[in-house]
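The values are calculated or read from the model by the stated rules, or taken from the named source; none is laboratory data. Just so it is clear, the model here is predicted, and its values are computed rather than measured. Glycine gets a Cβ as well: all are built from the backbone with ideal geometry, and neighbour counts include every protein chain shown.
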Amino acid sequence: MISRRNILAGAAATVGAVAAGTGPAVAAPTPPAGQSAGPAAGPAGESALRVVSPTVEYVQRPLGLDAARPRLSWPMASARPGQRQSAYQVRVASSAAGLSHPDVWDSGKVVSGESVLVPYDGPRLEPRTRYFWSVRVWDADGGVSEWSAPSWWETGLMDESQWSAEWISAPAALTDVPSLEGSSWIWYPEGDPASSAPAATRWFRRSVGLPDDIRAATLVISADNVYAVSLNGTELAHTDLDTDNEGWRRPAVIDVLDQVRPGRNTLAVSAANATAGPAGLICVLALTTSSGEQMIYTDASWKATNQEPAGNWRAPDFDDSAWQAAKVAAVWGAGPWGRVVPVSFAAHQLRHEFRLPGKKVSRARLYATALGVYEAHLNGRRVGRDRLAPGWTDYRKRVQYQTYDVTGSVRPGVNALGVFLAPGWYAGNIASFGPRHYGERPALLVQLEVEYADGTSERISSGPQWRATAGPIVSADLLSGETYDARKETAGWTSPGFDDRSWLAVRGADNDVPEKIVAQVDGPVRIAQELRAQEVTEPEPGVFVVDLGQNMVGSVRLRVSGDAGTTVRLRHAEVLNPDGTVYTANLRSAAATDTYILKGRGEEIYEPRFTFHGFRYVEVTGFPGKPSAGSVTGRVMHTSAPFTFEFETDVPMLNQLHANIVRGQRGNFLSVPTDTPARDERLGWTGDINVFAPTAVYTMESARFLGKWLVDLRDAQTPDGAFTDVAPTVGPLGSGAAGWGDAGVTVPWALYQAYGDRQVLNDAWPSVQAWLRYLEKYSDGLLRPAAGYGDWLNVSDETPKDVIATAYFAHSAELAVRIATELGEESAPYADLLARIRTAFRTAYVASDGRVKGDTQTAYVLALSMDLLPDELRKAAADRLVALIEAKDWHLSTGFLGTPRLLPVLTDTGHTDVAYRLLHQRTFPSWGYQIDRGATTMWERWDSIQPDGGFQSPAMNSFNHYAYGSVGEWMYTNIAGLAPGRAGYRRIVIHPRPGGDVTSANATFASLYGPVSTRWQHRSGGFVLSCVVPPNTSAEVWIPTDDPERVKHTRGTFVRAEDGCAVFEVDSGSHRFTV
């Protein structure tokens, strides 16, 4: 944004005053391995600096890195002000004890101020190896610090050739689903059910004799609209009009082996037609016996009635002789239903026992991944704390593997590996596009490597010797939820000695496997917090609603006691209807329902493994008695990464806004940056992260998460250079949209600004060049077509799409100039392209009086922030923007693309007062409007809850959608007053802008150099600022005053007066300024 550009330009004006020690590194002669750097290093303990919390690739002690030259960082602390690093020395050894005489690498004394993302420069790293390291630093006066406490990183397999394991899947008997072909849609004989039947419930039965050698039994069933099905008097499943009205499109697949019995068996179904129209029931009971398969279809042999039966009509011995024969409405594949195809979402259990010798184990590692999602266990203990591993990638191209330290879990003698394997993103439902986008059957890849103290080792790998069975997780889907039948648990199956002779042999993966198996880059998804229920209500008899107090993402822990077979359903929702029931229309086809079937053995605890939901409220039905506040606990789930920004003002609404921004980011940063965690979407939309990334890098360490996602985005880039609308790409969505595809340029730049990570730019550069070639090729005279999503969800103020697209074309070209300059690449062609696009934009869209085509708030915001106007017209355009805001009674009308830049543009053009006015606004549309209506996360729409209390269209109405949280960047830059003056915060700009109702604020940002903090008050005409600048950095501090002589300060050098401020140059340490 232009405000950030001016910050950088202002900082550059005085950077020469602090340039010492920041030039190219110069290494002293490196001693041979095993020798110290010698006396030239100087005695330890003289330095005012000390190293704290060193990291490798952003993480302390990372396990399983594939990086060939991992980057090392070492924040520093000091009790003395004005401290900077003048040199460093890194040692790397194969043991902590060996660091005094390193056997891997000794950098020697390197004359350099660099302390962040410094590449390892020693010998080639070996896979499966733990490297210990330590660093010491020299301060500006030449004093040398103590060595930092030993830390380490450990390499992973580093190459696909290191895998000897085989991909395995559950056998066909467990994964293949019986076809409905041969079955018919049946109904009670009334008229033509295929076209019109009354809105009513009808009842159906079919009895059949079965043999005594049944080896497998599966029921596939569906009904238009809902059903409840029983076998031999025991209910197997039911659907609900509130959640499953269109569920007939997705037939249920139910393992009924435990319910069938030799002799007479009876299927009994009640089916309801919600509204007058087509009605039907279809199912097949598929049996496997020693003599082959037996199929029981729905057909005219079924009995039906239109009167609710008396007595136990589900039992085999019930007399249904008075019932009529069912009517065939249509054969499968015909009628209004078409070819509904059943899909199994069951999670299977895979296991393998192996024997280890009685030798001392020095190291054991489990390397694992899946096409799907998995949870591993070793000798009865869960391995790690990760959820939904290995995460979502384009499985056709790459999959991430995880590394676990299991040294303490293996033992001499018999050991057992057990793994739950579920469909996940690989074979489960994605968005509204259905299942099986990458393959039909989940697969597992596992390699356990054990090393002994005597130097020997062995490897236990997934392969044909493994065995599999069905388990209690009868269905697991990210969107629909999980169904867990505790009666089907197989106690002890992850421990040695379990009898798995009845289990089936696994088969090899019959799908294409990914081109690349790479170590996980982003943090794992984990449970990060638990929320206790705040209230339990009963809006309808037997229907309980648990309020967890805030919108969240994850699942719950259920505590319940009851009889075996009792079914408890947990339905999740973000908001409530006026009558206190859960509102789920906005979830669209996502059932978001977890089901637990009790085994009946005292208190039972259920925690779903392979699903997640976006919700604040949980509807509980089927619960024995009344649930207490302790019955349901929220478990907050997101990609694990440190939160890096603390922010508080004396305006409660702004504090709530900050909290909502953080929660929205936390909930939507789950393997990919999703657009909403609740409805049937949850996609990595590029437009959303394009606008939110500059805020994201403040509030949460985002380098690894967004770095991984940028790989997803590049994997999806089309052959002609277009970035896709979502990444990983899926479904019938497009590519090349303005403000969406540009994320391939803007997100790497945002990461570079926050972390100074040139590798991000280097990795992105070829794809950035391809994107610009695409934009130029598909433009007309450098004007982009009026296509794409435009200023999405603006408030009745549509900006012409060609204006938006051409502006973003220029913006990407401008960033390409900057990226090329940072990388030392040729920037002139992109500077020329930028100049030509600006000329084309001005000629086509800008009038002589500064009016921009469309005359909308967003049109001026983009033209001003992207520097598309001649200098002489900037004031007129900014004045027109303010006039448009005033004409809407000081409200914004911007959408996704205009909103993030609106307040920065107002500040940059001298209208910070208007920016504050918008920020404080409490009526629609505004941030305060959402908060006053109970928002605890950011909403997708300005009026997700409308002024009259009703809901916006359920077709698109998320209550957890971070795009409008992009205002955080302005708040943190201008209220907290914190921004990078040089990429990565090596140089800092501290420039709080008091205004509006804010009279005090404080903030702390955890930069890679250490914490940066500000605290200010502006009262009774006076201004007080305290700030802390970490060692090895400097800052430019702006104090609002027209008279620099009035400023009193502890340290620092006055350098200029600018824009109503006295600007000071300061070094590291604590500072205080008063006016």
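Figures for the structure shown
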| read-out | value |
| --- | --- |
| Total residues in region 209-236, condition part of a strand (DSSP E or B) and either free of Cβ contacts under 8 Å to residues at least 60 places away in the same chain or on the phi > 0 side of the Ramachandran plot (or both) | 8 |
| Test set (1) within 21 Å of Leu906 (Cα to Cα); (2) among the hydrophobic types (A, V, I, L, M, F, W, C); (3) without any contact (Cβ under 8 Å) to a residue 12 or more places away in the chain - Ile975 fails condition number | (3) |
| Any hit, region 553-574, residues being more than 21 Å from the chain's Cα centre (by Cα), assigned to a loop (DSSP other than H, G, I, E, B) and under 29 Å from Gly384 (Cβ atoms) | no |
| In region 1023-1042, the residues that are farther than 30 Å from Gly142 by Cα and modelled with pLDDT of 95 or more | Phe1023, Val1024, Leu1025, Trp1038, Ile1039, Pro1040, Thr1041 |
| Pairs where the first residue, in region 776-803, is without any contact (Cβ under 8 Å) to a residue 40 or more places away in the chain and closer than 19 Å to Thr686 by Cβ and the second is outside any loop (DSSP other than H, G, I, E, B) and hydrophobic (A, V, I, L, M, F, W, C), C-beta under 8 Å, 6+ apart | Pro785/Ala805 |
| Of the criteria (1) in a helix (DSSP H, G or I); (2) within 25 Å of Glu515 (Cβ to Cβ), which one Leu683 fails | (1) |
| Selection status of Leu1025, more than 23 Å from Asn660 (Cβ to Cβ), under 29 Å from the mean Cα position of the chain (by Cα) and not assigned by TED's automatic domain parsing to the domain that holds Arg50 | no |
| Residue match in region 884-894 (condition: aromatic (Phe, Trp, Tyr) and within 22 Å of Met653 (Cα to Cα)) | yes |
| Residue count for region 131-152, restricted to those that are in a strand (DSSP E or B), among the hydrophobic types (A, V, I, L, M, F, W, C) and touching a Lys or Arg at 6+ places or on another chain (Cβ under 7 Å) | 3 |
| Restricting region 200-234 to residues that are aliphatic (A, V, I, L, M) and touching a Gly at 6+ places or on another chain (Cβ under 8 Å), the residue that is nearest to Arg261 (Cα to Cα) | Leu210 |
| Considering residues of region 916-934 that are farther than 15 Å from Ile885 by Cβ and assigned to a loop (DSSP other than H, G, I, E, B) only, the residue nearest to the chain's Cα centre (by Cα) | Gly934 |
| Selection status of Asn668, of a type in the set (S, T, N, Q) and surrounded by fewer than 24 Cβ atoms within 10 Å (Cβ to Cβ) | no |
| Selection within region 161-178 - modelled with pLDDT under 95, surrounded by 14 or more Cβ atoms within 10 Å (Cβ to Cβ) and small (Gly, Ala, Ser) | Ala173 |
| From the options His348, His352, residue that is more than 22 Å from Ser671 (Cα to Cα) and in contact with a helix residue (DSSP H, G or I) (Cβ under 8 Å, 6 or more places away or on another chain) | His348 |
| Meets criteria (touching a Cys at 6+ places or on another chain (Cβ under 9 Å) and modelled with pLDDT of 95 or more) for Ile931 | no |
| Filter result (surrounded by 14 or more Cβ atoms within 10 Å (Cβ to Cβ), farther than 18 Å from Val208 by Cα and hydrophobic (A, V, I, L, M, F, W, C)) within region 255-276 | Ala271, Ala272, Ala274 |
| Members of region 427-448 found to be within 26 Å of Ser164 (Cβ to Cβ) and either crowded, with 20+ Cβ neighbours inside 10 Å or of a type in the set (A, V, I, L, M, F, W, C) (or both), listed by number | Ala427, Tyr438, Gly439, Arg441, Pro442, Ala443, Leu444, Leu445, Val446, Gln447, Leu448 |
| Strands (runs of 3 or more DSSP E) lying entirely in region 970-1022 (those with 2 or more residues that are crowded, with 19+ Cβ neighbours inside 10 Å, aromatic (Phe, Trp, Tyr) and at pLDDT 95 or above) | none |
| Selection from region 599-642 of residues that are among the basic types (Lys, Arg), closer than 25 Å to Gly372 by Cα and part of a strand (DSSP E or B) | Arg635 |
| Helices (runs of 4 or more DSSP H) wholly inside region 857-915 that include at least 1 residues being polar (S, T, N, Q) and over 14 Å from Asn974 (Cβ atoms) | 857-865, 899-908 |
| Any hit, region 128-150, residues being closer than 27 Å to His1071 by Cα, crowded, with 20+ Cβ neighbours inside 10 Å and among the charged types (D, E, K, R) | yes |
| Cross-chain or 6+ apart pairs with Cβ under 9 Å, region 744-758 first and farther than 17 Å from Gly981 by Cβ, then part of a helix (DSSP H, G or I) and of a type in the set (D, E, K, R) | Gly744/Arg714; Pro748/Asp763; Arg758/Glu822 |
| Set Arg679, Arg609, Arg588: member being touching a strand residue (DSSP E or B) at 6+ places or on another chain (Cβ under 7 Å), touching a residue at least 40 places away in the same chain (Cβ under 8 Å) and not assigned by TED's automatic domain parsing to the domain that holds Gln60 | Arg609 |
| Some residue of region 822-837 being among the charged types (D, E, K, R), at positive phi and not in a helix (DSSP H, G or I) | no |
